[in-house]
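What follows is one structure encoded as structure tokens, with my remarks underneath.
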Amino acid sequence: MEAKPSAVDVISVCSANGEIRPQRMQLLDEEHQLIRVNIEQVVKCEEVIHVGAEAKIFLCRATVWGQKWLFELKYSIRSHSWCLTRRFH
């Protein structure tokens, strides 16, 4: 499991009732190459408050270079920023 949080670019969809759902993310790997990931499934979404900051945590599935990824994305509501918090192997 990788546990080093890193900022990522995310394309998301907002529904008419205010729900947000990540669709695609873009990140740099260890060799500084750009990886584009199409999110196939949002397994779970939960709202959390950590040190007074509201956020949404998304547990997502994707296939990257033939490998199945399970990872967590955190959306910080106040700063409108996305972070890849964990990736499970």
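3J(HN,Hα) along segment 22-33, derived from phi through the Karplus expression 6.51 cos²θ - 1.76 cosθ + 1.60 where θ = phi - 60°, amounts to x, 10, 8, 9, 9, 8, 9, 7, 4, 9, 6, 9 Hz, with x in place of Gly and Pro.
Think of a 1.4 Å ball rolled over the protein heavy atoms: the chain then has 69 Å² of accessible area per residue. The magnitude of the dipole of the chain, with charges of +1 and -1 set on the Cβ of Lys/Arg and Asp/Glu and taken from the Cα centre, is near 140 debye. The Cα atoms of the chain define a convex hull whose projected area, averaged across directions, is 6.1 nm².
Normalised by 2.2 N^0.38 Å, where N is the number of residues, the C-alpha radius of gyration of segment 39-83 stands at 1.29.
Close amide H contacts of residue 39 (hydrogens built in the peptide plane, cut-off under 5 Å, sequence separation of 5 or more or a different chain): 24, 25. Could you work out what % of the accessible surface of the chain is carbon and sulfur, using a 1.4 angstrom probe and leaving DNA, RNA and ligands out of the count? Exposed carbon and sulfur together represent 50 percent of the surface. Amide H to amide H, with H built 1.01 Å from N, residue 8 comes under 5 Å of 82, 83, 84, counting only residues 5 or more places away or on other chains. Phi angles across segment 43-56 convert, under the Karplus curve 6.51 cos²θ - 1.76 cosθ + 1.60 with θ = phi - 60°, into 3J(HN,Hα) values of 6, 8, 9, 9, 8, 10, 10, 10, 6, x, 9, 7, 8, 10 Hz, Gly and Pro given as x.
The values are calculated or read from the model by the stated rules, or taken from the named source; none is laboratory data. Because the structure is predicted, anything quoted here is derived from the model rather than measured. Note that each Cβ is placed from the backbone with ideal geometry, even for glycine, and that neighbours are counted across all protein chains shown. Ligands, DNA and RNA are stripped out before the accessible areas are found, and what is left, the full protein with its side chains, is counted by its heavy atoms. Shrake-Rupley method; radii C 1.70, N 1.55, O 1.52, S 1.80 Å.
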